[in-house]
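Written out below as structure tokens is the structure these notes cover.
The values are calculated or read from the model by the stated rules, or taken from the named source; none is laboratory data. Everything numeric in this text was worked out from a predicted model, so none of it was measured. Neighbour counts are summed over all protein chains in view; Cβ atoms, including those assigned to glycine, are modelled from backbone coordinates with ideal geometry.
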Amino acid sequence: MSVSEQSLDYKEQFERLYEQYADDVLRMAYFYLADRQKAEDVCQDVFVKLFTHGEMIEPGKEKAWLLRVTVNSCRDLWRGAWLKRVVLGAPTLEIIPAQDETIEQREEKAELMRAIHKLPMAFREAILLHYYQGLGIAEIAQMLGLPEGTISSRLSRARKKLEVLLKEEATGE
């Protein structure tokens, strides 16, 4: 295969991965940062990294790689002092709605996401990766470089905290 054929093949693979996972990357970044513009910047950065380093990714592990890079990029942004002042002061979270959602479903999601954003970062990360991205405990542990027991524990504690937060919001406390 010539160099131009390899390059064309890689470009097609990149485009396929972008079409398949761009929404997942954008949503993960958005839920992590609660800022659409920053999430779009992270999404773009993640796919630039994919384009420049993607040939080294093991086939079948692309989504895990993309989400790991997304989480790491979001963490880097989150650690910035300016972002902490701006995002932590943000009054509400705008949800990126799915096309077929009803208003009630959007309101429920908004309520759930407000509660998720009240969780400590480690719990929020575990919840978003497990329930929103559908990753298993072993995948999350590998992605974050933590023991599986730690991820299980974080998920359990996060669910309990979410339950309390949602009950408080429902009762207006």
**Request:** For residues that are under 13 Å from Arg68 (Cβ atoms) and of a type in the set (A, V, I, L, M, F, W, C), tally how many sit in segment 28-57.
**Result:** 6
**Request:** Considering every residue within segment 106-119, establish whether at least one is part of a loop (DSSP other than H, G, I, E, B) and in the same structural domain as Lys167 (by TED's automatic domain parsing).
**Result:** yes
**Item:** Residue list for segment 35-60, filter: surrounded by fewer than 18 Cβ atoms within 10 Å (Cβ to Cβ) and either of a type in the set (A, V, I, L, M) or closer than 27 Å to Met121 by Cβ (or both)
**Value:** Arg36, Gln37, Glu40, Asp41, Gln44, Asp45, Val48, Lys49, His53, Met56, Ile57
**Request:** State whether the residues of segment 66-74 include one that is modelled with pLDDT of 85 or more and in contact with a Cys (Cβ under 8 Å, 6 or more places away or on another chain).
**Result:** yes
**Prompt:** Taking Ile95, is it modelled with pLDDT under 75 and either buried (at least 17 other Cβ atoms within 10 Å of the Cβ) or part of a helix (DSSP H, G or I) (or both)?
**Reply:** yes
**Asked** Among Glu173, Glu169, which is outside the structural domain of Glu62 (by TED's automatic domain parsing), surrounded by fewer than 17 Cβ atoms within 10 Å (Cβ to Cβ), modelled with pLDDT under 75 and not aliphatic (A, V, I, L, M)?
**Response** Glu173
**Item:** Residue that is modelled with the lowest pLDDT, among those in segment 129-145 that are loosely packed, with under 15 Cβ neighbours inside 10 Å and in a loop (DSSP other than H, G, I, E, B)
**Value:** Gly134
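In segment 124-145, what residues are closer than 19 Å to Lys160 by Cβ and without any contact (Cβ under 8 Å) to a residue 40 or more places away in the chain?
Ala126, Ile127, His130, Tyr131, Ile137, Ile140, listed by residue number.
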